[in-house]
1. Out of all DSSP beta bridges in the chain, what portion is antiparallel? Express it as a percent rounded to 5.
2. With a cut-off of 8 Å between alpha carbons and a minimum separation of six or more residues, what is the relative contact order of region 78-147 in percent?
3. Which value in nm describes the separation of the simple spin-label points at Leu139 and Ala161, placed 7 Å from the Cα toward the beta carbon?
4. Students often check this: by mean Cβ neighbours within 10 Å, which of 9-16, 133-140 ranks highest, and how do the rest follow?
5. Roughly how big is the chain's charge dipole about its Cα centre, with Cβ charges of +1 (Lys, Arg) and -1 (Asp, Glu), in debye to the nearest 20?
6. Grab the Cα-Cα distance for Ala54 and Asp119, subtract it from 0.36 nm times how many residues apart they are, and report the gain in nm with one decimal.
7. Ranked by Cβ crowding within 10 angstrom, fewest neighbours first, how are Ser50, Ser77 ordered?
8. By how many nm would the segment from Glu36 to Ala110 grow when fully extended, if each residue of separation counts as 0.36 nm and the alpha-carbon distance is taken off?
Amino acid sequence: MRIRPAVPADVPALHRCIIDLARFERAEHEVTSTPEQLARALFDGGDVPSGRPALYAHVAEVDGAVVAMAIWFLNYSTWTGNHGIYLEDLYVMPEHRGRGIATALMAELAGVAVDRGYDRFQWWVLDWNVDAIGVYRGLGAVAMDEWTVHRVSGAALDALAARRPTPGA
């Protein structure tokens with residue numbers, strides 16, 4: 001097994017993993033992203049004002065084939081005054097599970113955080129994914145049970161955006 005940062009040639013495998021993860025999470029119908037969008041976000045900066053990528057990925061290879069991925073980005077804590085890593089997606093192909101690949105990817109991202117002086121490494125996990133929760137607890141992760149995730153998207157996002165103040169008013 002080899003863990004490494006993703007390269008443009010990995011985009012088809014990464015996108016396939018995203019779809020497989022969504023299927024596992026019973027939400028495949030929600031995936032609207034394309035490999036081209038993923039490539040832009042990872043390697044071209046997408047529509048980030050700086051023009052630098054704001055999304056990162058690592059892959060795990062076995063015998064030269066991508067069998068797992070971790071897609072992540074930076075977050076920031078106003079309390080600590082420092083960046084952290086937010087893990088958006090972690091996926092290991094079913095036939096490669098139980099071999100420590102997820103742990104290796106998590107350890108790699110923890111190493112990135114430590115090397116860069118970041119304070120945190122965090123992610124969400126579905127409450128019914130008890131296998132993953134067990135792995136995460138074994139890595140020293142602590143559930144943030146007092147926090148509730150909120151999201152605004154679709155029509156609600158459009159409606160909220162329509163409420164912004166008129167410039168100069």
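1. Numbers: 21 of 25 bridges.
Counting only bridges with both partners in the chain, antiparallel ones make up about 85 percent.
2. Numbers: 41 pairs, mean separation 27.3, N = 70.
Across region 78-147, relative contact order equals 39 percent.
3. 3.3
4. Details: 9-16: 16.9, 133-140: 12.8.
So the order, starting with the most tightly packed, is 9-16, 133-140.
5. Details: 15 positive and 21 negative charges, 58 e Å.
Dipole size: approximately 280 debye.
6. Details: separation 65, 0.36 × 65 = 23.40 nm, distance 1.82 nm.
Result for the pair: 21.6 nm of gain on full extension.
7. Numbers: Ser50 7, Ser77 13.
Ascending Cβ contact count within 10 Å gives the list Ser50, Ser77.
8. On the way: separation 74, 0.36 × 74 = 26.64 nm, distance 2.81 nm.
Length difference between fully extended and current span is 23.8 nm.
Only the coordinates and a few stated rules stand behind these numbers; no lab work does. Because the structure is a prediction, the values reported are computed rather than measured. Reconstructed Cβ throughout: ideal geometry from the backbone, glycine too, with neighbour counts over all protein chains shown.
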